[in-house]
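Encoded as structure tokens, the structure appears first; notes follow it.
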Amino acid sequence: MLNGTELMGVSHLYLDEGNQRNYTMSFVRFTALKPRARYSYKVKSGSASAVWSPTFSFRAPYSSGASRVAIYGDMGNTLHNNMANLRDDCASGTIDALVHMGDHAYDLGYAQDRHGDAYMNAFQPVLASCPWLPVIGNHESYLGPGNDKVSHSTTERYLNQTWGIAYGQESDTATTALGSLLTKGTYYGVGSHGASPSGTSRYNSVDIGLFHIVGLDLDPGTSPSKDGAWRFGTPLRALGGPLRRASGSSLTC
């Protein structure tokens, strides 16, 4: 519900059969927002017995004028992070959007996905009130200090997360709940409704004020597409527009 108007969205069920824990992930598109205006919203699932969440608020993005975006990476998984600073800066109007260039909470699936759960729960006060553009980083398969050489299965999990989802697919290839949330959220957000919709979570772009921001998956692994072709120039040509900021698992320019 946005400013008292009920909106419909889509929901996906992430089945974690190994840990016997399932997740319902819901996505709703907000349209015709007035630039820089403040909106309030609350959410619930489609179940008749579902209850509404607390009410949150945010400022709508804009296409002109002073543009304030926080761009950062490598937040990590310790208490020494920048969540409080981001929350305060967004609330005060110092920044209007967040671009996270990867390395969110490192091993997303640690402790039967509870590591990813804790990360998102701690980050909720920020993400509920400030637009967030997440990019998958290489350390999403990180196992902790002294363990940079990850196992093959962990590396495959990272590759699955970055492969993501494209138009026409029934599901993504992520193997953690947070990986699924990141790929589906990117797909339904900027991948479907960005400045130049790419139709995939692997590369996308969006305009925020005077910035044209491009998110690129630079994973060198094999693409899951039928022809196996994935080239650096393809997403750049498809996304269009002047390149203001590009971010990905191994590029910042």
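Just order 184-193, 51-60 by mean Cβ neighbour count inside 10 Å, highest at the front, would you?
Peptide ranking by packing, descending: 184-193, 51-60.
May I ask you to compute the full-extension gain from T78 to L33, defined as 0.36 nm times their residue separation minus their alpha-carbon distance, rounded to one decimal in nm?
Full-extension gain reported as 12.6 nm.
Looking only at region 31-105, where both bridge partners belong to it, what percent of the DSSP beta bridges are antiparallel (to the nearest 5)?
Just about 50 percent of them are antiparallel.
What length, rounded to one decimal in nm, is gained on full extension from R68 through to A48, with 0.36 nm per residue of separation minus their alpha-carbon distance?
Gain on stretching R68 to A48: 3.1 nm.
Amide H of A97: which non-local residues (sequence gap of 5 or more, or other chain) have their own amide H closer than 5 Å, using H built in the peptide plane?
So A97 has HN proximity to A70.
Work out how much length R21 to Q124 would gain on full extension: take 0.36 nm times their residue separation and subtract the Cα-Cα distance, in nm to one decimal.
35.0 nm
Can you compute 3J(HN,Hα) from phi for each residue in region 65-75, using the Karplus curve 6.51 cos²θ - 1.76 cosθ + 1.60 with θ = phi - 60°, rounded to whole Hz and x for Gly and Pro?
Per residue, the Karplus-derived 3J(HN,Hα) values read x, 4, 10, 10, 10, 8, 10, 8, x, 6, 5 Hz.
Order of 8-15, 28-35 by packing, highest average Cβ count within 10 Å first?
Answer by packing, highest mean first, reads 8-15, 28-35.
We did not get these values from a lab; they are worked out from the coordinates using the rules stated. The structure presented is a predicted model; accordingly, all values stated were derived computationally and were not measured. Positions of Cβ are generated from backbone atoms using ideal geometry, with glycine treated the same way; all protein chains shown enter the neighbour counts.
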